[in-house]
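Reviewing the structure listed below.
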Amino acid sequence: MFRTPWVCRGRIKALARPLSRQVLRSASTDAPSSNLPLVLLQRARNIATEHDRLSTALETEFDTKTAKRVGELSRVAAALKEWESAQSSIAELTTLLQSKDEELRQLAQDELSSTHANLDTLANALSTSLTPRDPFADMPCLLEIRPGPGGMEGRYFADAVFRMYRQYCSRMGLRANVLKYEVVDGDEAMGASSESPLQEAVLEVLDAGAYDTFRGEAGMHRVQRIPSTEKSGRVHTSAVAVWVLPSFPENDSDMTAQNFNDPDSLFYVDPKEVKVEKMRAGGAGGQHVNKTESAIRLTHEPTGISVSMQDSRSQHQNRDSAWTLLRSRLAQKKREAREEEAWALRNSVLSKDKITRGDKIRTYNYSQDRCTDHRSGLDVHNIADVLAGGENLVKVMESTKEWLVGRAIEALLAEEEAAAAIAAKEAKKSKR
Amino acid sequence: MPRLRPSFIRRAHNISSHLATLLPACRDLRSAQNELRWIREHVSSSLAPAHEHNVTSRSCVTKTAVAVIKKHLDTEVQIDRLCRLRGTRGVPLQYVLGSQPFGDLDIRCRPGVLIPRPETEAWVFHLADLVRNVIAEGALSRPGGDVDDRTARPLKIVDLCSGSGCIALLLSSLLRSHLRGSDVDIRGFDVEPRAVSLAKENLAYNLRRRVLPRPRAGRQNVVFEKADIFSEDWLASLHHDPADPNAGGSKLGAPIDIFVSNPPYISMRGYDCDTGRSVRNYEPRLALVPHESLRISSFADCAPEDVFYARLLEVAEILRPKFVVLEVGDLAQATRVLEMAVRAPRPWITMEVWRDWPDMAPEEGEDQVVRIGGLQVPVRGSGHGRTVFLQRGA
């Protein structure tokens, strides 16, 4: 054993290392720290006191506005209560450690370690509850998939990405609807998976909360593989853009009616600003011809955003789909503009991490059979499973979501610290 | 029709042999791809449930395997058959699939009855919007009655040359959802028995699909009947109907509210030159070109393709509708119809021409007004002149 060459010894040592370190590589970011920063705790306490005050007020006199606010705050208050009870039980257990009874000490020791572990998750839950919820989180969404610049390879991979999400939806039991599926003329399906050269595809996921599920998927998805058209076997790198847009819940009368016609709503589109174009037949139209297609194009003139739709046989449905898509695109754009303002105001270091559709978020490397998320730093293998919307894709998407929450907490922290610094300055001034 | 280039067909064939089959009818790759998708959807939805029964194998595993393979084969055979019908024989897709979406409705289509057109769908929507606004203003209530009174009296609509029934059914669907407490009474007439039976079938089918609202109190609100609108008997039957609103849906009873028609309006020459091949080969000529004998009989002074409008305006004098909407072939025909309408004994207070897409902004070079004698008649929307709209005061 001791005469084993040093090379082998190194390998044995490597085997002894915990396995998880190999799989979980924290490349670009660290997991959010588990011990709660003081500023956050302070904020949570403030919210909890407000919650208590409002709920006692509610007991004497009911007011819808107050009730709504209490509902919003209760998440934080509950999380804080749990965290504090864990905290106090730790204090209790620590005193028990001084006990003279050997058995009791042992019990306290065991209990303490489990409570400590629990405390981490509670602290995490508390900081998560403090982050502002995404305004679209409860909405259904539209997934738009488009090839990135350059070449047919991107188009083929776009089809693979489209299928990945569709299969993911059917696996997870989400109701998905293909609004648009447009392939480029004149090129055949190819490859083992018979991908088609995709021009643009829109997948509507109808379940409430789908936006929250998919919001981490927006961005550039990079692929590195040998295209089946490539004769000399070189690896190509291309990209596919995925946009995630909030969409309207169907049949949700109070939401739809309000938001469609309320000019303050993100979904409000002034019909006067939209130019409607229909496909014109060359001939006399009417009874003279029996066209089967009814293409429609909507152009929002102030922004130049345009949507065209011709997938359905029903012109009515094409028009509805086109409006849905246009509304969602405009809402996303307006929201981005609003966020841009918010970020500019905060002027935070974090602003560079804001995810827009320009950033590369994930790489699918075929030759290494690996899929890497660049934000969470998670690496998973078995790319076939990822592209089939399987267990591994679920893992990647969850890691992304965790990362997003972590980001939100950091942003919150930065905000709180800035506010605290300003408050301190003010206090100093007033002292003088 | 220009010949398809062999290289083009080859390219389509490389994607799918079905596309190459569809190409002669579709003429371009994208619409061929769309149509192939629709055919596939149609086949898979129509084949889906019927296949569990006719498989008789011993073990359960082979049973399902055989079923899957058989289903796949059947699907492919079906798709191939439908593509050939559409592409090689040039049958309209609507006849191949047996249906055409029309607004929210799904209208069954069969040879012998005209296929609903998107332009028709557009003007029906426009008309429904207009009528809704008028109702909202309370102007469509019974003469002398107040606004609440309209609950007592249904909105009366007559559709002549109703064909597949698409106009009547869509109006019913669009208006009834908006007429709270009130009702619509629609009568459709067509000379072709196949059209009448198809329209009845469409009514029942869309009621089953729950796209159309259920009739109240078991009374049928939409009725289709066979009638020759040129026959004197039919015209006389209109006269004899009592103008009693309590008579119910079985009597026509002037005055009615809305009078619509999409009559045959293509000239003989237009039929030979301007119509699509699949229209000429498969759609009924009866629904497209007015029969020559009609002109000789009573309306010798108007163009043969305008015969129906002369008759429709006569009928309108008897039924005294508040709104008249007649589909026409082009702006020139619209002008001729307006000239006839101007000569009516009782004047129309509003006259308009709607183009193909009445809600769209007009393009450059599209006139927004036509002159009829000394009158200026507004032309709305964009596209070909498609409908003549007439309104009389309440």
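With every protein chain left in place and a probe of 1.4 Å, what is the accessible surface of A:Glu273, to the nearest 10 Å²?
70 Å²
When the Kirkwood radius is taken over all Cα pairs of the stretch A:67-173, what Stokes-Einstein diffusion coefficient follows at 25 °C and 0.890 mPa s, in µm²/s?
The calculation lands on 131 µm²/s.
Kirkwood hydrodynamic radius, the stretch A:66-109, all distinct C-alpha pairs: what's the number in Å?
Across the stretch A:66-109, the inverse of the average 1/r is 12.5 Å.
Could you give the semi-axes, largest first, of the ellipsoid that matches the stretch A:359-432, computed as the square roots of 5 times the alpha carbon gyration tensor eigenvalues and rounded to whole Å?
44, 10, 6
So what's the convex hull volume per residue for the Cα atoms of the stretch B:308-383, in Å³?
It is 94 Å³ per residue.
How many Å² of accessible surface get buried when A and B come together, counting both sides, probe radius 1.4 Å, rounded to the nearest 100?
In total, chains A and B hide about 3400 Å² from solvent.
Enumerate the amide H contacts of A:Leu179 below 5 Å, restricted to partners 5 or more residues apart or on another chain; note that Pro and chain-start residues carry no placed amide H.
A:Val202, A:Leu203, A:Glu204
Got a sec? Which residues of the stretch A:268-304 lose 50 Å² or more of accessible surface with every protein chain in place, vs. that chain alone, 1.4 Å probe?
In the stretch A:268-304, residues shielded by partner chains: A:Lys278, A:Arg280, A:Ala284, A:Gly286, A:Gln287, A:His288, A:Asn290, A:Lys291, A:Thr292, A:Glu293.
Cα atoms only, the stretch A:99-150: Rg and Dmax in Å?
Reported Rg and Dmax, both Å: 23.2, 74.
Within straight cross-link reach of A:Lys180, meaning Cα distance under 16 Å, which lysines are found once same-chain residues fewer than 8 apart are removed?
The reachable lysines, counting only those whose Cα sits under 16 Å from A:Lys180, number zero.
What residues in the stretch B:89-111 lose 50 Å² or more of accessible surface when the other protein chains are added to their chain alone (1.4 Å probe)?
SASA drop of 50 Å² or more in the stretch B:89-111: B:Pro101.
Based on the alpha-carbon gyration tensor of the stretch B:264-390 and its eigenvalue square roots a ≥ b ≥ c, which shape applies: rounded if a/c is under 1.5, prolate if not and a/b is larger than b/c, or oblate?
Since a/c reaches 1.5 but b/c is at least a/b, the shape of the stretch B:264-390 is classed as oblate.
Can you pull the percent of the stretch A:100-229's accessible area that's carbon plus sulfur, 1.4 Å probe, other chains left in place?
48 percent
Mind listing the long-range amide H neighbours of B:Val184? Cut-off is under 5 Å, sequence gap 5 or more, other chains count too, H placed in the peptide plane at 1.01 Å from N.
So B:Val184 has HN proximity to B:Leu155.
The values are calculated or read from the model by the stated rules, or taken from the named source; none is laboratory data. All values derive from a computational prediction rather than experimental measurement. Surface accessibility is based on the protein's heavy atoms, side chains included, excluding ligands, DNA and RNA. Shrake-Rupley method; radii C 1.70, N 1.55, O 1.52, S 1.80 Å.
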